[in-house]
Amino acid sequence: MITGKQRSYLKKLAHNIDPMVYIGKSGLTENIKKELLTGFEARELVKVKIQEGCPLDPREVANELAEELDAEFVQAMGRKFVLYRESRENKSIVLPGK
């Protein structure tokens, strides 16, 4: 569980990154989950964009994925959301207070 201060720090880092994963009409697939796991190992902080044709709610999807993939929900804005999970091998983000 991350603190409010850590969440705020991650929001700041996520501001300038482009979405790495796109969710389309087919919704949440196993490939999307695999992409997220790869993204967590590579960058730790992953921004996801839900395409216009997809009826899913960003906040619901983000919370569902965070729980399923053992990640932390950082924020949702519009059709985008950000998740964080510490990398096992490529740790690059040092959270404040740790």
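Taken over the chain, the alpha-carbon convex hull comes to 91 cubic angstrom per residue.
Extension gain for R59-I17 works out to 13.2 nm (0.36 nm per residue, less the C-alpha to C-alpha distance). Report note on the peptides 76-82, 44-50: ranked by the mean count of other C-beta atoms within 10 Å, highest first, their order is 44-50, 76-82. Surface analysis of the chain yields an accessible area of 60 Å² per residue, using protein heavy atoms and a 1.4 Å probe.
The values are calculated or read from the model by the stated rules, or taken from the named source; none is laboratory data. Predicted model, so just to flag it, every value in this text is computed and none were measured. No Cβ is skipped: glycine too gets one built from the backbone with ideal geometry, and neighbour counts run over all protein chains shown. Heavy atoms of the whole protein, side chains included, go into the accessibility calculation; ligands, DNA and RNA do not. Shrake-Rupley method; radii C 1.70, N 1.55, O 1.52, S 1.80 Å.
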